[in-house]
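Quick notes on the structure that follows.
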Amino acid sequence: MLRIPRKRGRENRAPASTGLAIACRCPLGTVNLARPNHETVISGPWPWVTQASLSIVLPAYNEELNIEGAIDEACEVAAAAAPAWEVIVVDDGSRDSTAQRVARISQRQPRVQLISFPENQGYGAALRAGFHAARGDLIFYTDSDRQFDLSELRYFLPVMDRTDVAIGFRVYRYDPVLRCLLSWVYNRLVSAVFRARVRDVDCSFKLFRREVLEAIDLETRDFFIDTEMVAKVRKWNFRILQKGVKHYPRRAGESSVRASHIPRTLLVVAQMWLRMYLPVLVGRRERIEPVCPRRLAGQDILRQQIPTLGVAQNQGLPIEPREAHGGE
């Protein structure tokens, strides 16, 4: 078995004052990470902001215990990062009160938009609906299970002037060992098949320039949409930048991804490769429009001060370009 040496010293320890420490299980061992809280999460306004408008898409399925906190964090981060922003929650036919909770918030916060499916249509379908409704120059998506610290988006925004897609990869991901191993194998497979050297294809922490989503089409209706996005971004030679993000355990609810999905995922990978590189073998398909429609004049997010959920808006802070930290 390959042994990876661990550094000894204070750099591997979570500071005692940063909150509750959690043990992250992964094939590389156990590392203590501090759970983000009100003291450790960097709130806005940040020292730098982007001049671009920002859309945050949150797909949700049976996340009634997480959704309100996820929206609060998204609003706080967006208000600190951009002068014009919106949060789009796509309820994928939840059987609990997820949609009702989002609807109540949207009545108080005009920048929060709810898209609700009457029945569960799949993770990919939810993301596609969110992308289609997004009006921002930059479009970011993450899950509603609150396993990421959204304030790490501050490391992604400053680099978007030199890349088209910023993709996160989970650092010391908090998942069972078997799932981590399967993910490692799957990432190597995707890298080989689609020639996309991405460390963590399924990490739901991705930021796109709008032009990228206006150029590519997406067909997948389930969780394979992460792979499809990376594969098509690579095929059309868009610039990709990767950065590490911390990964935390779920605060509530449970994941809908199962090991039983693996055989079907492999089949979908093969079918997608044939459609992309050898379409003559699978037949010509009907033309599919890009997932994000081209924005017409006047369709951008209005740049005006709108009261938020107890969050201060940017007050015309000067833009100070800085190099992002952490990750690769």
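Values quoted throughout were computed directly from the atomic coordinates according to the rules given, and no laboratory measurement underlies them. None of these values were measured; they are calculated from a predicted model.
Worth pointing out:
- Computed extension gain for ALA270 through GLN100, at 0.36 nm per residue and net of the alpha carbon distance, reaches 57.3 nm.
- Amide H contacts under 5 Å for VAL90, placed H, 5+ residues apart: LEU58, ALA60, ILE115
- Taken one residue at a time, the phi angles of segment 235-245 give Karplus couplings (6.51, -1.76, 1.60, θ = phi - 60°) of 4, 8, 6, 6, 6, 10, 10, 10, 9, x, 9 Hz. Gly and Pro are set to x.
- Three-way shape call for segment 122-279 based on the alpha-carbon gyration tensor, with the a/c threshold at 1.5: rounded
- For segment 224-229, 3J(HN,Hα) per residue [Karplus equation, 6.51 cos²θ - 1.76 cosθ + 1.60, θ = phi - 60°, Hz, x = Gly/Pro]: 5, 4, 4, 5, 4, 4
- 3J(HN,Hα) from dihedral phi, segment 129-134, Karplus parametrisation 6.51/-1.76/1.60, rounded to Hz, x for glycine, proline: 5, x, 4, 5, 8, 5
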